[in-house]
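First the structure, in the form of structure tokens, and then the observations on it.
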Amino acid sequence: MTVGAPRSPDVVVVGGGIIGTAAAAYLAEAGARVLLIERDGLASGASGANSGVVQHPFDPVMARLYRASLALYRALAASSNSFTIGAEPAGMLYIAPGEAAARRQATMIEAPFPELRPEVLGGSALRSVEPAVADGLWACRVPIGFPVAPGSGTYAFASLAESRGVAIRAGRAAALEVVGDAVVGVRVDGRLVSAGAAVAAAGPWTPALLDPSGRWAPIAPRWGVVVEADVPGAPRHVLEEAGIEAVLDAADTAPPATGAAGEGEAGDADDGLEFSYVPQAGAGSVGSTFLPDEPVPEAWVERILVRAMRFVPAIGDAPIRGVRCCPRPQSADGRPLIGVVPGLRNVVVCAGHGPWGISTGPGSARLAADLVLGRDPAIPAELDPARFGSPRG
């Protein structure tokens with residue numbers, strides 16, 4: 001090495017979302033020299049354009065990541081001037097058109113997670129806890145849901161990472177440079193950046209990084225459009241349509257269910273649209289879509305708001321403050337890929353969290369960082385990327 005030349009990083013992290021920034025911070029905390037590469041800007045994808053809520057994923061495997069993430073978020077808030085998270089949840093209301101659907105929702109949650117004690121509410125009982133909801137609806141209430149400013153966690157982890165010596169660089173990471181069964185670096189904007197190991201955390205673009213041929217593709221984008229609206233008499237709870245069978249079923253390959261399946265309403269399961277509302281300090285987040293192709297966000301605003309008015313009529317009078325869109329990295333079985341990439345001994349993948357990236361990202365990133373550091377973390381077998389074969393063929 002030439003005297004005075006910069007030393008190659010121990011680890012290159014590809015992806016500047018919640019997972020990449022958190023992983024970089026944890027690696028640097030252990031003394032690793034880390035370079036983080038992001039092609040479009042920190043929090044430019046789902047980590048910055050999400051609805052802004054940390055919530056329970058109702059999956060026994062991902063629930064561990066959620067609980068770990070919540071603790072890590074609290075630690076981040078204690079050391080950050082820019083990130084905050086409530087001491088108590090806002091509460092989650094799964095809204096249904098009738099009592100039977102609300103009770104069905106409660107049973108689906110209580111069976112695997114009895115400690116959450118879901119409560120079914122209707123009529124005056126529902127209106128007393130959430131006056132903003134429309135008349136005639138029922139709800140399953142669960143004490144979960146922590147609203148956070150979209151992107152704030154990612155920016156706070158990035159600041160923490162930089163304070164620990166992580167170098168953050170803009171650039172397009174096209175492919176890994178492989179010799180034998182090991183990565184020796186990453187090609188960024190046509191130039192080789194040497195490194196001793198790599199973390200692939202590029203969201204829906206992770207498969208292309210690991211296999212430029214496109215044959216290995218267990219993660220695909222599901223595009224979400226969210227409308228920012230200043231709702232008069234805004235709901236205090238996080239709201240969502242009842243009917244989360246696809247989320248509860250770990251084997252389901254579809255995006256979350258898109259209709260409140262119950263009395264008098266079949267839902268619009270084929271339109272890629274589902275009602276949700278997250279209260280924020282500024283305008284609340286109204287959404288959202290689950291689309292396979294990149295949409296024109298403005299074309300979805302009216303449809304999102306019309307659907308939302310079924311549940312919260314005041315949304316019809318709400319000034320629109322903005323609209324945002326992001327590609328969620330949806331895995332083929334609904335669970336993330338966390339582990340060593342099959343066929344490459346020094347590359348860890350941490351991607352494919354779908355709509356649960358903000359809720360489970362820090363816990364996932366900690367596992368990935370520990371794996372790179374040789375700490376042998378207890379990663380559930382269900383998250384092993386080998387379940388989708390090897391990108392090496």
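Worth pointing out:
- Pick from the range 274-305, criterion of a type in the set (D, E, K, R) and part of a helix (DSSP H, G or I), ranking: farthest from residue 237 (Cα to Cα): 298
- Flag: residue 150 matches the condition of being in a loop (DSSP other than H, G, I, E, B), surrounded by 17 or more Cβ atoms within 10 Å (Cβ to Cβ), touching a residue at least 60 places away in the same chain (Cβ under 8 Å) and of a type outside the set (D, E, K, R).
- For the range 81-104, the condition of being polar (S, T, N, Q), touching a Ser or Thr at 6+ places or on another chain (Cβ under 7 Å) and modelled with pLDDT under 95 holds for at least one residue.
- Test: residue 18 is more than 17 Å from residue 199 (Cβ to Cβ), aliphatic (A, V, I, L, M), in contact (Cβ under 8 Å) with a residue 24 or more places away in the chain and out of contact with any Leu (no Cβ under 7 Å at 6 or more places or on another chain): no
- All told, residue 204 meets the bar of being open to solvent by less than 30 Å² (accessible area, probe 1.4 Å) and either among the charged types (D, E, K, R) or out of contact with any Asp or Glu (no Cβ under 6 Å at 6 or more places or on another chain) (or both).
- Condition met for residue 319 (under 27 Å from residue 209 (Cα atoms), touching a residue at least 12 places away in the same chain (Cβ under 8 Å) and open to solvent by 20 Å² or more (accessible area, probe 1.4 Å)): no
Conditions (1) basic (Lys, Arg); (2) free of Cβ contacts under 8 Å to residues at least 40 places away in the same chain; (3) within 27 Å of residue 171 (Cα to Cα); (4) not in a strand (DSSP E or B), marked per residue:
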site	(1), (2), (3), (4)
36	no, no, yes, no
42	no, no, yes, yes
47	no, no, yes, yes
61	no, no, no, yes
83	no, no, yes, yes
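- Take the conditions (1) touching a strand residue (DSSP E or B) at 6+ places or on another chain (Cβ under 8 Å); (2) buried (at least 24 other Cβ atoms within 10 Å of the Cβ); residue 334 misses just one of them, which is (1).
- The number of residues in the range 37-46 being within 19 Å of the chain's Cα centre (by Cα) and open to solvent by less than 20 Å² (accessible area, probe 1.4 Å) comes to 1.
- Qualifying residue in the range 357-371 (condition: modelled with pLDDT of 95 or more, more than 26 Å from residue 293 (Cα to Cα), open to solvent by 40 Å² or more (accessible area, probe 1.4 Å) and in contact with a helix residue (DSSP H, G or I) (Cβ under 8 Å, 6 or more places away or on another chain)): yes
- When residues of the range 57-113 are limited to those that are farther than 30 Å from residue 124 by Cα, charged (D, E, K, R) and surrounded by fewer than 17 Cβ atoms within 10 Å (Cβ to Cβ), the one farthest from the chain's Cα centre (by Cα): 74
- For the range 158-171, the set of residues classified as surrounded by 14 or more Cβ atoms within 10 Å (Cβ to Cβ), assigned to a loop (DSSP other than H, G, I, E, B) and not hydrophobic (A, V, I, L, M, F, W, C) consists of 164, 171, listed by residue number.
- Selection from the range 210-222 of residues that are buried (at least 23 other Cβ atoms within 10 Å of the Cβ) and either more than 14 Å from the chain's Cα centre (by Cα) or closer than 16 Å to residue 44 by Cβ (or both): 210
- Residue within the range 157-170 that is free of Cβ contacts under 8 Å to residues at least 12 places away in the same chain, of a type outside the set (S, T, N, Q) and closer than 23 Å to residue 25 by Cβ present: yes
- Between 375, 335, 345, 392, the distinction of being within 24 Å of residue 45 (Cβ to Cβ) and either not in a helix (DSSP H, G or I) or not hydrophobic (A, V, I, L, M, F, W, C) (or both) belongs to 335 only.
The values are calculated or read from the model by the stated rules, or taken from the named source; none is laboratory data. The structure displayed is predicted, hence computed values, not measured ones. Because the Cβ atoms are built from the backbone with ideal geometry, glycine has one as well, and the counts that use them run over all protein chains shown. Side chains are part of the model used for accessible areas, which takes the heavy atoms of the whole protein and leaves out ligands, DNA and RNA. Shrake-Rupley method; radii C 1.70, N 1.55, O 1.52, S 1.80 Å.
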